[in-house]
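This report refers to the structure that appears directly beneath it.
The values are calculated or read from the model by the stated rules, or taken from the named source; none is laboratory data. For clarity, every value in this text was computed on a predicted model and none was experimentally measured. Here Cβ is always computed from backbone atoms with ideal geometry, including for glycine, and neighbour counts include all displayed protein chains. Ligands, DNA and RNA are excluded from the accessible area calculation, which covers all protein heavy atoms including side chains. Shrake-Rupley method; radii C 1.70, N 1.55, O 1.52, S 1.80 Å.
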Amino acid sequence: MSASLPVSTAGGERMVAMIAARNNNNNSSSSSAGLSSLVGGVSWPQVKRGLLIAAAVFLVLHLLRLSSGYDSCNYLLNAEGSVQINPKSGAKSWRPQGCMAREFGSAATAAHACLAGRRIVFAGDSRARQLWLGMIALLDKSAVPQVTQQDYHTDMSVTVATPSPMLVPGKKVNSDLTFAHELGLNRHGHNVTLDFLWLPFVANQSLATISSRLLLAGEHNPNLLDDAQQADDGTTTAPQGAFTRPSLLVHGVGLWDVRDLITPDQVEQQLTEVYRDSLQFLNDLDGHAAGDRPRPGVSAKWLDAHSSLWEQSSADLDIFWGVTLNVNEANLRPDRQAITNERIAQFNQAVLPVAEDFAHSLHERAEESARGGNLDQQPLPHRAGRLALEPLIVPDLPHTADLATQGGFLAPNMLISRSIGSIGKAFAEDSTDGVHFPDAAVQAQLNVILNAFCNRRHEAWDRPDDVTCCAPYPALTGLQYVFFAVVLFALVCWLGGSYAARHHTGGAVASGAESAFGATARARHMLSSPNLLSVAMPVAQLGLVLVFAFLCDRTHIFPKERKIYTHFDLIASIGVMFVAGWCTLTHVKTAPTFLSRDQTDEWKGWMQIVFLIYHFLGGSSVLPLYMLVRVFVASYLFLTGFGHFTFFYTKKQFGITRIIQVLTRLNVLTIGLCMVMDKPYQFYYFVPLSSFWFLVVYAIMAFPSIPAVQKRFPGLDAPARILALFTICSIVWLPFSGNYKSTSADDFPIFQFLFDWWPIKELFSVSDSLYEWRFRSGLDCFIVAHGMLIAYAYQIAKSHGVIHDNQPAVRPGTTPPPPGPLLSGLLFNTATSAILSIVSIGIFCWYIMFTRSCTDKAYCNYIHTFSSPFLVAAFAFLRNLTGRSRAVYSRFFAYIGQLSLELFLLQFHIWLAADTKGILVLIPGTSGFWRLLNAAFTTGLFVAVSEVASDSSALIVSLLAPGDNTRAVISRFCGLLVFCGVWWMLRQALEANTETYQHY
């Protein structure tokens, strides 16, 4: 028997046997096959092929969408968002559809990092003022001004100090670097200037009008303008560089035009004139910068004043225009009764096409500036040229290849948002006066604005992994190009070799009958003759899985969304899975022993399902659920100790082949993911844990015995080894101070001595820190030794006749066995079984009460370290209490358990997204039906891809570590180590280069 993880194998032949058994099970027509026949006689292999074909179709469809220009910014700005309601507090929150946005309300540091040294302008009515106040509160609540009624229709300006020195979270810097130097901020200091301009009508939104109002603001604010000089035409002339130039302009108008019963045609005409004036204004500034003579009616001094505000800066300017939000008509004052949602919709319908024309015009200016050419503003064909000017020639300016650094044409970026309309629909009912919104709605609008503005400016702050809206992914590294080239080469060899083999054998592959994703005959052929085709097939298949993971999680091809947790979703999902497990119960294929292979696969399977649902829903914030998952991780490590101890104790085989086979099987997919996803090894934490504890068990069991001690105390050798492991774990992972909250390295000197040296530290560290590894490995530091202890106790009890676990329960209609002490099939005698049952149930009850009462996560983790061994042992006993319970298992759970390694690894990038922080969306939609359909499809695809990866990984391991050739095993494993070492050195060398970003 063996209860080791499915990733630990005795040789290549065993891996081939596993694949063959799974294929036979899936193709079986028996009603008890579980996964073989689903609905209407459709088998799982057929479903798997259909899912993979559908995934290819979705890939093509999403690529077409992306090629048409619909990227993650479009999801943020234009897609219909969704509103989530907190089940406890009832508070509303808004999330965009199709991308993951940053919650700036809970990350003020990120807002400071993005906006430091910038000037943000809000122009519009009282709703724009509400956004202005919300932005100030986001940056510094103490800086929010007291706005009285006499200030309602006036311009206001506030300067918010940015904490200094302040560093972007997660960014490594030297202590002598200042904040501005580190972020590359040469924008007139660290402070954030926030202006509000009372311009409530559409007719007042031209850039010339806004620029003049900003210049006037400088007269009254010495922080914005020094030594102001009066021009002949009454405007202000400022010395060069005296202003903090605007970086973001937010328009917020519409209600006053709607209130005054301005018709849609009049609104369209007014906004057309506004944008014509804005384009003319930009054209005047361009000509002035090039030294051209001003056009009639425009003075040089006027242009000097405005150039001081806009020169060399508009390439960094975003203009945000959002649709006018709905009102709560029932709560409107009498003088606002003319404002209706119907008229607001007509207003938006009139202004959006004109705003789109302006955006296209600005985009054309930017393209011409990048090319260094002239831009003749001709009529736009799809809008009949309503923004065409008489004649508008943008001068040819030198050095315009890089807008961000050289200036070029004044071509701001226009951001038009329809998505915030869904914010208005969701929060309008919460408006007390019918017009203004609660803080949650204001924060939602600011999140849209800041995500659109900040996420593209990666030089100003580090984009976290869980932000995809408007956020570019890092450009491909040279090593990733090499990896993709290897996959392409293997794919060509596989397809070409298969084609040639078919033609040479009259349609049959020479090495045996071929199946869709792995064939037993071909696998056996590989073991005996690893030619190019035999190597290329599993490498190409695994490579395609890794490429698909890259496309899912490192590009904008597929949308990604935030997780949504509800208790109902958790219970319903787990309930459906356990119904499937119950319906696939069948008899074990081997003797019904304690923790048989079928039973441990089942155990790992249902735990993996709960683990995946926990990640999919984002249940880590629910502390009892978090503690339950911690017990599941401990159970996996318990089985590692139990299975590997049983193997070494019973077989006494400590050859190098066993080590290489287990480590290669555990790490082949992990290494591929680290390479293609550019992640550290410790990121996939369970694989380092399993690999490390396997080596620990091997070292403990393979350590030579002392002949004299073994001769005198022959029965204490194994207990002494287990006791030694308990002692070592206590010394290494328990803090010397006894403070369970301690994170100081000085409290763990033995741990630091063992792991804080190269190359061990490089292997287990995250961001040059060993804290994560110390936490992960120390959280369950006793469970592996406990698994070894249970395995030893089981072997001793069985050898002394205390346990008779190979006698099944009496089935109805069968002849009972002869009378014996365990005719009932109990694991122990009746009295012992009763006592242990009561104790086990008591342990479960205590743990449930503890997790519900524990509120300190650090203390919960500390207690978990000592309590998890008893919980796992209690479950193992109850699961094997009777002969009937040992004689049955769930084929569905066992199937999932056989894929547990691949499911754990690939969930990071295929089923989930943004390195598990979001979910992958192949079928977009905001309603519950579409979300359920997407979850069902991505889950099936995820399992199908994981099976492909499992079979391919097993075949690759069979090639790298054939069980009957020790010399070949060692040489190929050394070659793999050399390959990984070279790859690591190249990666370290490339890390010094400046990181570039690009959209995919």
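Counting only protein chain heavy atoms and rolling a 1.4 Å probe, the accessible areas of Ile85, Ile728, Ile136 rank, largest first, as Ile85, Ile728, Ile136. Packing order of peptides 650-657, 347-354, highest average first: 347-354, 650-657 (average count of other Cβ atoms within 10 Å over each peptide's residues).
Here the gap between Ser621 and Asp856, fully extended at 0.36 nm per residue and compared with their Cα-Cα distance, gives a gain of 83.4 nm. Calculate, for Ile656 and Asp465, the FRET efficiency according to 1/(1 + (r/R0)^6) with r their C-beta to C-beta distance and R0 41 Å; round to the nearest 0.05. Step by step, r from the Cβ atoms, then E = 0.60. Just list whichever of Lys92/Lys741; Lys425/Lys917; Lys425/Lys560; Lys679/Lys761; Lys141/Lys425; Lys560/Lys857 have alpha carbons separated by over 25 Å in the model shown. Cα-Cα > 25 Å for Lys92/Lys741; Lys425/Lys917; Lys141/Lys425; Lys560/Lys857; rest within. Using 0.36 nm per residue and subtracting the Cα-Cα separation, the extra length available between Trp582 and Leu59 on full extension is 184.8 nm. Backbone amide hydrogens, once placed in the peptide plane, bring Tyr473 within less than 5 Å of Gln998, Tyr1000, excluding anything fewer than 5 places away on its chain. When Lys917, Lys141 are compared by accessible surface with a 1.4 Å probe, the order from highest to lowest is Lys141, Lys917. Residues of segment 345-362 falling in the label zone of Thr263, defined by backbone nitrogen less than 19 Å from a point 7 Å along Cα to beta-carbon, are 345-354. Between Thr566 and His360, residue separation times 0.36 nm minus the direct Cα-Cα distance comes to 69.9 nm. Between Ile416 and Trp321, the built amide H atoms are under 5 Å apart, and every one of these is 5 or more places off in sequence or on another chain. Packing, as the average of other Cβ atoms within 10 Å across residues, places the peptides 719-726, 691-698 in the order 691-698, 719-726, highest first. On a C-alpha basis, how far is the centre of segment 72-98 from the centre of segment 337-362 in Å? Whole number, if you could? Using only Cα atoms to place each centre, the spacing works out to 23 Å. Gln149 to Ile85: FRET efficiency via 1/(1 + (r/R0)^6), r the Cβ-Cβ distance, R0 30 Å, to the nearest 0.05? Efficiency, from the Cβ-Cβ distance: 0.30. Each peptide in 122-131, 751-760 was scored by the mean count of other Cβ atoms within 10 Å over its residues; highest first, the order is 122-131, 751-760. Rg and Dmax, both from the Cα atoms of segment 532-675 and both in Å, are 19.3, 52.
Ranking of Tyr859, Tyr847, Tyr481 by solvent-accessible surface, largest first: Tyr481, Tyr859, Tyr847 (1.4 Å probe, protein heavy atoms only, all chains present).
Given a 1.4 Å probe and the protein chains as shown, Leu763 ends up with an accessible area of around 80 Å².
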